[in-house]
Amino acid sequence: MAGPFVKWPLLAAPWLSYFAVQIREAVEKEGISFDRLTKIIITHQDRDHIGSLPELVAAFGGKVQVLAHEIAVPYLAGETPLIKSGALAPYVKVDQTLQDKELLPDCGGIEIIYTPGHSPDHISLYHRPSKTLISGDALTSRDGVLMPFDPKFTPDKETALLSVGKLLDYDIDHVITYHGGVCSGGIKERLNEIVENPIQ
């Protein structure tokens, strides 16, 4: 929840399980009733991005929808071990599966961008009205500077780099990275630099 996303009735990729209370507190600190939450979008299956999902779904009594790429479904259902930890996630039902270039009507229009590499189910979210990208872990940032994906936690680096290249097709003013924060300005130039020199 950052930048233009902070007023939206959706949450992208809830963090570790013990952050469920902190997520609620952060939302309500912005003057938003947590009860307004209607959807949770999962960007990918890593434990630090799905850990509080079961608690959040339970807290809403099944009234909140979970959205994820179709490849994520068996991981979130606890049928297939998570790629990096090898653990089985607690079962969570995915209410809506997502596809590349699908446009969600929420918040004025959110486009799904399939960005595998960091994980096979990874998606990024592009909010058209504000030209804001939620990159998930497809990108990182440091001190407000957009950086490549973390190679230590990216099993398929070649595919991950191709995914970064896909982002050049979008008019992006702001990027929200899950590890590093928000970057603004000169995004296309920085993406070009990353594609040409990913090891930085």
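The values are calculated or read from the model by the stated rules, or taken from the named source; none is laboratory data. Quantities reported herein were computed from a predicted structural model and do not represent experimental measurements. A quick note on method: Cβ atoms are made from the backbone with ideal geometry, for glycine too, and the neighbour counts reach across all protein chains shown. Heads up: the accessible areas ignore ligands, DNA and RNA and are worked out on the full protein's heavy atoms, side chains in. Shrake-Rupley method; radii C 1.70, N 1.55, O 1.52, S 1.80 Å.
Data table
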quantity	calculated
Whichever residue in region 155-175 is β-branched (Val, Ile, Thr) and under 15 Å from the mean Cα position of the chain (by Cα) and, among such residues, is farthest from ASN197 (Cα to Cα)	VAL175
Selection within region 120-136 - under 11 Å from GLY109 (Cβ atoms) and of a type in the set (Asp, Glu)	none
Residue check, PRO90 touching a Pro at 6+ places or on another chain (Cβ under 8 Å), modelled with pLDDT under 95, open to solvent by 20 Å² or more (accessible area, probe 1.4 Å) and under 24 Å from GLY51 (Cα atoms)	yes
Hey, THR80 polar (S, T, N, Q), open to solvent by less than 10 Å² (accessible area, probe 1.4 Å) and closer than 25 Å to ASP156 by Cβ or not	no
Residue list for region 31-71, restricted to those being surrounded by fewer than 17 Cβ atoms within 10 Å (Cβ to Cβ) and assigned to a strand (DSSP E or B)	none
